[in-house]
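The values are calculated or read from the model by the stated rules, or taken from the named source; none is laboratory data. Fair warning: this is a prediction, and the values are worked out from it, not measured in the lab. Note that each Cβ is placed from the backbone with ideal geometry, even for glycine, and that neighbours are counted across all protein chains shown. Accessible surface is based on the protein model in full, side chains and every heavy atom, while ligands, DNA and RNA are left aside. Shrake-Rupley method; radii C 1.70, N 1.55, O 1.52, S 1.80 Å.
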2 protein chains.
Amino acid sequence: MSTHAAPTPTENGKTPRTERGRKTLRKLLDAAALEFGEHGFHDASITGITRRAGTALGSFYTYFDSKDEIFRALVKDLSNGVREAVKARHDPDGPALEQEREALTAFLQFAREHKEIYRIIDESEFVDPASFRAHYQNTANRMFERLQSGVAKGELREGLEEAHAWAIMGMNVFLGLRYAVWSDEEKAEAIAEVANGVLRHGIAKEKGI
Amino acid sequence: MSTHAAPTPTENGKTPRTERGRKTLRKLLDAAALEFGEHGFHDASITGITRRAGTALGSFYTYFDSKDEIFRALVKDLSNGVREAVKARHDPDGPALEQEREALTAFLQFAREHKEIYRIIDESEFVDPASFRAHYQNTANRMFERLQSGVAKGELREGLEEAHAWAIMGMNVFLGLRYAVWSDEEKAEAIAEVANGVLRHGIAKEKGI
C-alpha cells in the first residue's frame with residue numbers, strides 16, 4: 001500500500017545496503033504505520049509489526065533497537081512521504097497559486113492513502129515531541145520558500161511572512177483531517193479549490209458587484 | 001488563572017447548586033488542566049488534581065467518578081472556554097471580516113492564557129475521540145454560521161461552504177500552535193492581521209499594479 005517507495009534511512013547508520021534490505025525496511029515501516037495507527041503507541045508491539053510485515057523478529061532488530069526508535073523513524077518517513085508526494089506534483093515553473101493547489105491535492109491524496117498519518121503525527125506530540133515539531137516546522141519552511149519564490153516572481157503579494165505559511169499549512173491540515181481522514185467522499189480537487197479560492201481572492205465579496 | 005468563570009456542568013447531573021460548589025468545581029477543572037497539561041492523561045492522577053486545587057479528595061468524587069470523567073469534562077470546558085472567549089469579543093452587527101479578526105484575536109489570547117489547551121485537545125484524540133471530534137465540529141459549525149451570515153449581508157462571497165469554515169479554523173489553530181503556544185512574542189493582533197489579510201484579499205498580487 002505504500003506510495004513512497006524509498007524508505008527513510010534509520011538512525012545510527014543502519015541503512016540497508018541491498019535492494020532486499022530496502023524492501024524489508026519498507027515493509028517494516030509500512031507495517032509500523034498500520035500497527036501504530038490501529039493501536040496507538042502504547043498498545044502497539046514489535047511482534048505486531050513483524051507479524052504484519054511478514055518478517056522475522058531478527059529483521060526488526062537489524063534496523064531498530066526499540067519500539068521508540070521505529071516510531072521516530074516512522075514519523076520521519078511519513079513526513080518525507082508528504083514531501084515527496086508534493087514534490088512529485090510540483091512544477092517549479094508553474095504559477096505560484098497553482099503550485100499551492102497541486103501541493104494540497106497531493107497532500108490530500110497522500111492522506112487518503114495513509115489515513116493513519118494523522119493519528120501518528122498527532123501522537124508524536126506526546127511520544128516524540130521533537131519529531132512532531134520538526135515535521136511541522138520543515139513543512140512550513142518548504143511552503144514559505146515557495147511563497148517567497150512566488151513573491152520574487154511578482155505573482156504573490158509583497159510582505160508574506162512565515163506566519164502566512166503556518167496559516168496555509170493549517171488550512172491544508174484541517175481540510176485533510178475533515179475531507180481525507182473523517183470522510184473522503186468529496187473530490188480532492190474540489191477541496192483543493194476551496195483553499196485555492198481563499199488564496200486567490202479571499203472570501204470577501206468583490207467590490208462594486 | 002481561569003478566564004472562563006462558570007464551570008461547564010459535569011455529566012450525570014452533578015451540577016453544583018451553591019456558589020461555593022461552583023467555585024470548587026472551577027478549581028478542580030483548572031487544576032485538571034494543569035495536571036493533564038503537564039503530565040499527559042496516563043501519568044496524571046486524581047490526587048495530583050486535588051493537591052493543585054487545594055481541595056479534599058471527597059470534593060473530587062462529589063463531581064466526578066474517575067480520571068476519565070474529569071478529562072471529558074475538561075475538554076468540554078476548554079471547548080466552551082474558547083466559545084465564550086470568542087463570544088465576549090463578538091459584535092454581531094460588526095463587519096463579517098472584523099468578526100473573524102476578533103474571533104482569532106480572542107482565540108490567540110485564550111490559548112496564551114491556557115497553553116495547555118493544545119496538549120489536552122490533542123490528547124483527547126486518543127483518550128476520548130468523541131470529545132475531540134465534537135470540539136472541532138462545533139467550532140467549525142459556529143464559524144460556518146458566521147460566514148453564512150456574512151454572505152446573507154452581502155459582505156462575503158456567495159457559495160462559501162463548510163469546507164471554508166474548516167480551512168479558516170485550521171489557519172487559526174496552526175497560528176495558535178506556532179504563535180501562542182510555541183512562542184508568544186508577536187502581538188496577537190499582528191498574527192490575526194496575517195489571517196485577516198488572507199481572508200480579505202488572498203495572497204495573490206493585485207492585478208495591474
Seminar exercise, completed: Going through region A:55-105 in order, the residues found to be over 30 Å from residue B:198 (Cα atoms) and either charged (D, E, K, R) or not in a helix (DSSP H, G or I) (or both) are A:55, A:56, A:64, A:65, A:66, A:67, A:68, A:69, A:72, A:76, A:77
Problem set entry | Checking residue B:206 against (1) surrounded by 17 or more Cβ atoms within 10 Å (Cβ to Cβ); (2) part of a loop (DSSP other than H, G, I, E, B), the condition it does not meet | (1)
For this session: Only residues that are open to solvent by 10 Å² or more (accessible area, probe 1.4 Å) and on the phi > 0 side of the Ramachandran plot: list them for region B:12-70, please.
Result: B:12, B:13, B:54
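Under the condition of being in a helix (DSSP H, G or I) and away from chain A (no Cβ under 12 Å), which residue from region B:113-127 is most open to solvent (accessible area, probe 1.4 Å)?
B:113
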Exercise. What are the residue pairs meeting all of these: first residue in region B:18-29, first residue closer than 17 Å to residue B:49 by Cβ, second residue modelled with pLDDT of 95 or more and not in a helix (DSSP H, G or I), Cβ atoms under 9 Å, and 6 or more apart or on different chains?
Worked result: B:24/B:55; B:27/B:54; B:27/B:55; B:28/B:55; B:28/B:64
For this session: Could you tell me which of the residues A:98, A:116, A:125, A:102 is free of Cβ contacts under 8 Å to residues at least 12 places away in the same chain, in contact with a helix residue (DSSP H, G or I) (Cβ under 8 Å, 6 or more places away or on another chain) and of a type outside the set (Val, Ile, Thr)?
Result: A:125
Exercise. Does at least one position in region A:18-38 carry a residue that is at pLDDT below 95 and either of a type in the set (A, V, I, L, M) or part of a loop (DSSP other than H, G, I, E, B) (or both)?
Worked result: yes
For this session: Can you work out which of the residues in region B:143-195 that are open to solvent by 40 Å² or more (accessible area, probe 1.4 Å), among the small types (Gly, Ala, Ser) and in a helix (DSSP H, G or I) is nearest to the other protein chains (Cβ to nearest Cβ)?
Result: B:190
For this session: Being assigned to a helix (DSSP H, G or I), touching a residue at least 24 places away in the same chain (Cβ under 8 Å) and surrounded by fewer than 17 Cβ atoms within 10 Å (Cβ to Cβ) narrows it down to one of B:140, B:134, B:130, so name that one.
Result: B:134
Problem set entry | Pairs with Cβ under 7 Å, 6+ apart, first in region B:41-68 and of a type outside the set (D, E, K, R), second crowded, with 18+ Cβ neighbours inside 10 Å and not in a helix (DSSP H, G or I) | B:63/B:10; B:64/B:10
